[in-house]
Every structure is written in structure tokens, then in C-alpha cells.
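The values are calculated or read from the model by the stated rules, or taken from the named source; none is laboratory data. Since this is a predicted model, take the numbers as computed values, not measurements. Backbone-built Cβ (ideal geometry, glycine too); neighbour counts: all protein chains shown. Keep in mind that these areas ignore ligands, DNA and RNA; they rest on the heavy atoms of the full protein, side chains included. Shrake-Rupley method; radii C 1.70, N 1.55, O 1.52, S 1.80 Å.
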Amino acid sequence: MSEVDIKDIVKEKYGQAARKVVAINANASCCGGAPACTDPITSNLYDSAQTGELPEAAVLASLGCGNPTALAELRPGEIVLDLGSGGGIDVLLSAKRVGPAGRAYGLDMTDEMLALANENKRKAGTTNVEFLKGEIEHIPLPDASVDVIISNCVINLSADKDQVLREAFRVLKPGGRFAVSDVVTRGEIRPEIRQSVLAWVGCIAGALDEQVYRQKLSAAGFEKIDVEPTRIYKAEDAAAFLAASKLDVKAVEAEMDGKFFSAFIRATKPVR
């Protein structure tokens, strides 16, 4: 698919997910409501202590594969940017952690998600939050204006990940931190298995191999790169979807298990 096709598909799927949340439908998933994306990806990412004070719609619209706000070391007074902020859950959580002296931005290209996020901001009564419309490949913020970039299972959706990482590097201040959750693969995987599993996970453009991710971060200028698996997906988790794709679950188990996982990816922009 072309980059334009991928963006159109992502907009439609996440717009559909936002509309379902607005309609008080709790069945939204990482694929924008498609049954292929099941609990092993999106469930139990946030504890009740984090979400208890947030609007219900912000929690229902959480379509990620991790919890970057729990793993990123956010400090009072910092400026945080969430790439692909969706319904705003990670932005609202970040805003609490950076406090009134800090600021949290959310960037999203989907009108329905932006409307939902702004409504959640209003309900939460949060004043240090701003949601921006735009693409993660073209961040509408000045150079060196952000302390921390977070993202929750969104970079894998981009057809131009090199551009996303270059933009992230640009807007970070010297010494700024890149701290995202994303879907990552590891090792050789047959194309038909990779395609089917990524469709199950909800990756439109496809997840990067762990080593390729590291190389792309380094090429963008980052240092202190670390990839920490947080949730490893097994063939049994995707059994129904793989069977529907006419793949023998037992036959692909050895190729799949341990090779698809959510990870927390850290990197730093050099101070120099």
C-alpha cells in the first residue's frame, strides 16, 4: 500500500473507534473495533489508581499496546508530546505527572479522536493540556521544544518511520528523551505469518524488527537506545484469527512465539 492509502485506512479505523466510544460502545479495540484485536494486546495496561480519576471515554478509547506513562520518567515542569494521542489517556496521565508548571501535548490526525480527546480534557478539568491536529511525520511544534516524547503503539502505523524519528529528534531538546510503547518483531519470520500476525495486532504498515528499530533511531541521531519487551504474543493468543487466515496454528507456533511483542523503547537526544 502507498503512504496515502495507509493514512486513509488508519484515519477510518481510528475514527470508527472514536465514534464507538462516543456511542458508549466499550468494544473498541486496537483495530478500531475489528474483532481480530483481542485482549492479549490491549487489556490490563493501566491500573485503577491511574485511571480512576479520568473520564470513562478516555479509558475506553485507549487503543495502545503498552503504558508509556508508567515507564517514562516524567518530572514536574517538563513538556511532553504524545504522538498519535487518540482519546487522550496518556496525555491526561502525563499532565498529572508534570504538574501545573509542565505541559502535555497530544498530536493526532483523526478529527473524531481529537474531538473525543478535547471532550475528555474538558471533563477532566485539565488546564495544562493541548491537543494538536497533524501527522506524526510532520510535527507542528518548533525545534527543541519538548522534553519527552511518548507514543502508544502508533509509530508502527506509519509508512515512513524514518521521517517520524527524524521529527521526534528535531522537536526534542538536547538531552530530551524518547520513551514509547510499540509493537516490535525479532528474527526471521515468513512473510505470510508476519502479515497475518500484524493484521491481528492491528499494525497497518507493519512493525519493525528490533534491530532495524535500533538502527533507525541511531540514524536519526539518538543514543542510549534500549528495547525492553513488555508483553510477548503467542500463537495461542491469535489462534482464532490465524485459523481464519487459513494458517495452521500449531505449524506456525515455533515461528511466531517470542518473535512478536510489545516493547518499551527508550532513546536520548545527545546534549551536544
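Observations on the model:
- Checked against the criteria, Arg214 counts as free of Cβ contacts under 8 Å to residues at least 40 places away in the same chain and within 22 Å of Pro68 (Cβ to Cβ).
- Verdict on Lys234 being modelled with pLDDT of 85 or more, closer than 30 Å to Ala144 by Cα and of a type outside the set (A, V, I, L, M, F, W, C): no
- Only residues that are surrounded by fewer than 20 Cβ atoms within 10 Å (Cβ to Cβ) and assigned to a strand (DSSP E or B) were counted in segment 169-180, giving 3.
- Checking each residue in segment 115-140 for being of a type in the set (A, V, I, L, M) and either open to solvent by 70 Å² or more (accessible area, probe 1.4 Å) or at pLDDT below 95 (or both) picks out Ala115, Leu116, Ala117, Ala124.
- When residues of segment 81-109 are limited to those that are crowded, with 23+ Cβ neighbours inside 10 Å and in contact with a Gly (Cβ under 7 Å, 6 or more places away or on another chain), the one nearest to Glu12 (Cα to Cα): Asp108
- For first residues located in segment 127-146 and touching a residue at least 40 places away in the same chain (Cβ under 8 Å) and over 18 Å from Lys173 (Cβ atoms), partners that are of a type in the set (Lys, Arg) and open to solvent by 70 Å² or more (accessible area, probe 1.4 Å) and lie 6+ apart or on another chain with Cβ distances below 8 Å form the pairs Val129/Arg103.
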